[in-house]
Each structure stands twice: as C-alpha cells, then as structure tokens.
Amino acid sequence: MKTKHFAILACAAWFLAPVVQPQSSGTAVLTIHADQTASKVSPTLYGLMTEEINHSYEGGLYAELVQNGTFRSDWSGINDWILVEDGNSEAKISEDKSTGPSEALPHSIRIQASEASAQAPAGVRNDGFWGIPLHPNTTYHASFFAKEDSTDVGPVTASLVANQSGKVLASAVVPGIGTAWKEYKFTLKTGAIEPSMENHLVLTVAHPGSLWLQLVSLFPPTYHNRPNGTRIDLMEKLAAMHPRFLRFPGGNYLEGDHLADWYDWKKTIGPRVDRPGHPSPWNYWSTDDFGLLEFLEWCEDLHMHPVLAVYAGYSLMHEHINPGPDLEPYVQSALDEIEYVSGGPETKWGARRAADGHPQPFHLTYVEIGNEDEFDTSGSYDGRYEQFYKAIKAKYPELQLIATAPIKSLKPDVLDDHYYRRATDFFHDADHYDKADRQGPKIFVGEWATREGTPTPNMGAALGDAAWMTGLERNSDLIVMASYAPLLVNVSPGAMQWSTDLIGYDAMRSYGSPSYYAQVMFGSYLGDTEPVCAMSGGGSRFFYSVTQSEAKKKIYLKLVNASSNPQAVEIELTGTKLAPGGRVISLSAHDPDATNTIDQPKAIVPVESVLNGVGGTFQHRVPPYTIEVLALETR
Ligand code: AHR
C-alpha cells in the first residue's frame, strides 16, 4: 500500500458556481519537499501504442502514396484503380489470378489495350489514399513489377496529374518492359508547382497489347530518408512527444478476427514482393509492406524501446488454441521473433534480420503475450501465458513478460491494464493507483484515452487525460509504461474506424488534438524522481503531480484545472531555493468542446511564458480548463 501522498480535495461546490462570473474554488496548498525523494519515476513511463487502424500505417505513417498497389479486388472490381482511355483508345482491365511476380503475389492486373497510341494512350489511374500530395521541386521514387505479352506494347508512361486542371506535374517513361516479370524503378520530379493533394497517378501504354502490373509504389521523401520509410510530418509530431517505447503490432491487429488472421510476422519481412499481406480486423487489407523490421526502424528513428507483442493463440471472434502441443508452433514463432529482433547476426533469425538490411540487434526488454485476453471466456489464457512464459524465460531470462489479463498460475512480471473512459471518470479515478498493491506485478497502462470528441479528442478530453496522467506520474514506481490509444487517424471520409484518436491527418496535412499537446507537455517535462509532496484544499477537479530531474536541479510541477472556475494555489517549496528562469507552459481553452481540426490545426496549442519573481512560497492561479507545467529551476 502506498501512503506517501495525501490529497485532501475539498468537497467541491463547483456546480453552484455562477456561470458568468467564475470564481476561484478555495485556495489549494501544495507542499513540495524538494530535498526528500518519495520514489523514482519510470524512465520508460510515456510511449506509443500503435496498430493498423484508421489507416494508421497505410494511408498514414507509412509514406507509400499508392493505395492498393497490389491490386486486391472485390465484387466491385479492382479497388482504387480506374481504367484510363484517352482520346479514341480502347482498353479493359481485369484481375488476372493466373500470373504474378512471386508466390506471395501470384495475381496481377491485366490491362488489355485494343486501341492505343502516343496521342491516345490507355492504362490505369490511382488516386492514392484520398489524394496524392505533391510538393514543388521534389523527387518521388516509384516502382512496379510488370510484363507485356509482346515487346511491341512498348514503354509504360507514369504521370502525376492534377485532378482539376488535368495538367501533368511530373512524368517518366519506363522503357524495356519484357515478357517476363521484372521490377522497374524510376523517379518522378515535380517543378515549381503549388503544394496540393488533389492529384493522381496514371500508368499508360501507347500501343495495343497486354500489360500486367503488380506492386505499384510511389514514395515521397521520407523521415531520415529511409527507403520504404515513414511520413516526415507525422514522425516529427511523434518525436515531439518524447516517447520512450513503442508497443506493436497491436491491439486487435495482433490477434485478427479469426485464428488464421493472426499477425504472422514471418510474412511481413523481406522484399515487399514476398509479403502476401493479411486482413486486418479493422476491415481493410494490410499489405504488411510496413512490417516487423519497419516497426523496429521506427523505434530506432525515434529512440524508442520496442515493446513486442507476440500472438498468443486467441483471436477476436473468441477462437483460441488450447495450451499444450497445439500451441507449440505459436510459442516457437514467438521465440523466433524475439531472436529476429534481438539476436546477433550469428543466430538463425538474427542472420535473417541482417540479410534484410539490419545487422545490428535491437535491444529488447519487454515482450507482451497476447492482447486483452480477458475476453477469452474459455479461460485458456492462464495456460497459454504459462506456456509462453516458461519457454521464453528458459531462453531469455532477462526479458520482462507482460500479461494482458490477471494470471493465477504464476506471477507475471507486468500486467497490461486498459482504460477507455469519459473525462469525468478519469477525474474521479485519478487516484486509481495511489493505493494499489506494490507486491503484485508492475503495471503497463498499455491503452488508455478519454473518448470525447471525434475524430480527435477535444479540450475536455485533454483535461481528463491530464488528470489521469498526474495519477500515472505519482505512481510511476509501480507503472513502468503507459500509452494513449489509438494514436493516429486519417480523417478523410471513410478512413476512420475508431472515433477518438490522438493525431489527425489527411494525405497532405496533419494536426495534434488538445490531448496530443497534453501528451507533448507531460512527456517533455518529466523528471526521474518524485519528491515528497502533499496537497490540501482546492476544487474537486484540480490535479497535480511533481517530478524532479538532473540531480533535483529542475522541478516540473503539473497542474490541471478541469473546472470552469479559476483555481488559486499556494505553492510551498522547502529544501531548495528557486533560481530565475522558471517558465509556465499552458494549454487552455474557453470551453471543453473547443478543439483542433484539420482546417484549424492550432486553435489550442501550448503557450509558454516566464514565471517571474517566485520564491520559496508563492501564489499561483490556474485559469479554467487549463493544463499547466511549471518548469522551475533551482540553485
Ligand atoms: O485501441 C483500439 C482497440 O481497443 C485495440 O485494438 C484493442 O486492444 C482495444 O480493445
């Protein structure tokens, strides 16, 4: 039981407060004993949780610009591709299930041009993920696999075309297409154009005959210029959160709807042409072109620890694999996956990673066994977890193994708790872990969010989040990691499956919600220890946490006023002396419904000001609906 804190929060009469003349609740008194350490702060407290949902990767973080480059089709035909018949050209397109460039992609699109010429070419068009964003004087790297029924069909012309004007903004001629499958790579360079996402890609031939295509790809410049890499604006937004870890690949995406749909990581590595893809539980196809190694390189780029979730034999439609021999292949797959991630190049799977382009092993501390296995009503998780635990610990005793539901057979190292709530629930439960058992497993709050506002959370949600995070920080001796979910949403019509997500974007633009900025503030100002402190008085919607860093030289005081009234607070600092240079970083709105949108991305952003003339004890006032960090310097 934890007793180091007490927060006497006055029984608030906030609901009686006059609406037009907001008045401060009673003054809160916050005492901070800066020379007395209460506990350590987990160095991995804040991180990212991610999965393929809301077009998080395809049409999101993964920078590929072509949608359905592998020509999947349904009853309506080949998705996302349209026949192009310029002038008097004549052609038809169909899915050809009899030919493709690889075992993984054994099908293709066949474009049969019966009439085509240089003046009237025929081919196909792709509109990307709700547009193809183009910037001036930029080189785009493109590729496809192709073959023709005769070399007379000639070269393929690739063009990037403006939707409204029909103007060709960049084009390339790809010559020498043969009659056997081969990959062709080329670049498209824009000139002095206006940035826009109202563009599409066209691939055409200028002679009659058949052209087969597969795995069409188009890349803009990527973060750190990685081939097959990520989108720069989104990576910069994630970097600003200072995330310490990345939990992947899910979430439900790890499990799949049915047993056959599990995240079979071995099918997500190697050349893209050898990746068959799989159905995601969020109702769209995943090519897996953003696969296991790409997740790890994402970790590398943002200096995050990988938190690897391994499939544990349970899928979303309540299907499970019995512990015992039936589960053995999945346990072996997890052992192989751990070796792929962290083994030296002398190991079998470490060598495979090296062959895939990354000889250096990734440092692994945490492995999560499954996802939300409390939904497995068969009761098989105890046995499944135990089987994975024993096999993994036998080979990797140093790994910390996370359970996704309480376990009776043994004590898991870490337990993953999930919370999707309303702001008011988090206000009432911000002390959730204050009295939690310190003898049990460590806690990973692997998914949590205030679900108010769509497609991204509003200021009221950010206040719920911030109140909750003060509790996470106060208890980070117990809580080793915490991650908001879901992280990303493409806000284009039809792209979203989950209605409250941290960061929104379309093909070209992106924005952070107020909750995103709360994460940035909490992640950027986090110390390594927590001093002894206590608060009394103040309203029922007033929350705090205090951490210190750099040998106690800096104090980060977080204050959350979720009330419509201002909150006065007296801060009594003992055991240290303040130095000049203190700052206040403040996120504030006039109404909890206020928010940021794709068109108004910066309505609510943190504002920084100088904190002047404060001493050992000082008065401070937190405006209504405000999240603040007081970044204090000491002598
Ligand atoms: O974050 C969305 C979903 O919520 C996750 O996939 C799942 O783990 C949880 O139920």
Fill in the blank from the handout: A354 vs (1) assigned to a helix (DSSP H, G or I); (2) touching a residue at least 12 places away in the same chain (Cβ under 8 Å): all pass except (2)
Exercise for the section: Specify which of the listed residues (N283, N252) is out of contact with any Leu (no Cβ under 9 Å at 6 or more places or on another chain) and within 16 Å of the ligand (Cβ to nearest atom). Expected result: N283
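I'd like to check which strands (runs of 3 or more DSSP E) are fully inside region 458-517 and have at least 2 residues that are under 26 Å from A38 (Cα atoms). Spell out how you get there, then give the answer.
Values: elements: 479-484, 488-490, 503-505, 510-512.
In region 458-517, 479-484 are the strands (runs of 3 or more DSSP E) which contain 2 or more residues that are under 26 Å from A38 (Cα atoms).
Which of the following residues is within 30 Å of I232 (Cβ to Cβ), part of a loop (DSSP other than H, G, I, E, B) and away from the ligand (no atom under 16 Å from the Cβ): P345, P306, P361? Lay out the reasoning, then the answer.
Numbers: P345 fails: within 30 Å of I232 (Cβ to Cβ); P306 fails: part of a loop (DSSP other than H, G, I, E, B).
P361 is the lone residue from the list that is within 30 Å of I232 (Cβ to Cβ), part of a loop (DSSP other than H, G, I, E, B) and away from the ligand (no atom under 16 Å from the Cβ).
Report whether or not D425 is more than 19 Å from G370 (Cβ to Cβ) and charged (D, E, K, R).
Values: more than 19 Å from G370 (Cβ to Cβ): yes; charged (D, E, K, R): yes.
So D425 passes the test.
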Exercise for the section: Working only within region 606-627, note down all residues that are on the phi > 0 side of the Ramachandran plot and either loosely packed, with under 12 Cβ neighbours inside 10 Å or of a type in the set (A, V, I, L, M, F, W, C) (or both). Expected result: G613
Practice task
Could you pull out every one of the strands (runs of 3 or more DSSP E) wholly within region 44-135 that has 2 or more residues that are within 16 Å of the ligand (Cβ to nearest atom) and out of contact with any Asp or Glu (no Cβ under 9 Å at 6 or more places or on another chain)?
Solution key: 46-49
Exercise for the section: Determine the pairs where a residue that is of a type in the set (D, E, K, R), located within region 66-77, has a partner that is surrounded by fewer than 19 Cβ atoms within 10 Å (Cβ to Cβ) with Cβ atoms under 9 Å apart, the partner being 6 or more residues away or on another chain. Expected result: R72/I78; R72/N79; R72/D80; R72/E95; R72/H107; R72/W285
Exercise for the section: Kindly indicate whether F444 is part of a helix (DSSP H, G or I), of a type in the set (F, W, Y) and either buried (at least 19 other Cβ atoms within 10 Å of the Cβ) or more than 16 Å from the ligand (Cβ to nearest atom) (or both). Expected result: no
Handout entry: Residue count, region 227-249 (criterion: within 21 Å of Y505 (Cα to Cα) and away from the ligand (no atom under 16 Å from the Cβ))
Key = 16
Completion exercise
For P271, the lone unmet condition from (1) within 20 Å of the chain's Cα centre (by Cα); (2) closer than 21 Å to L296 by Cβ is (1)
Exercise for the section: Go through (1) under 30 Å from A63 (Cβ atoms); (2) buried (at least 21 other Cβ atoms within 10 Å of the Cβ); (3) in contact with a His (Cβ under 6 Å, 6 or more places away or on another chain) and name the single condition Y314 misses. Expected result: (1)
Fill in the blank from the handout: When restricted to D373, D301, the only residue in contact (Cβ under 8 Å) with a residue 40 or more places away in the chain, within 22 Å of the chain's Cα centre (by Cα) and within 16 Å of the ligand (Cβ to nearest atom) is D373
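Are any residues in region 78-93 free of Cβ contacts under 8 Å to residues at least 24 places away in the same chain and either within 23 Å of L218 (Cβ to Cβ) or aliphatic (A, V, I, L, M) (or both), and if so, which ones?
Kept after step one, since they are free of Cβ contacts under 8 Å to residues at least 24 places away in the same chain, are these residues of region 78-93: 79, 92.
Scanning region 78-93 gives a single hit, N79.
Readers should treat all values here as calculations from the given coordinates under stated rules, not as data from a laboratory. Predicted, not measured: the structure shown is a model, and the values here were computed from it. Cβ coordinates were reconstructed from backbone atoms using ideal geometry, including for glycine residues, and neighbour counts include every protein chain displayed.
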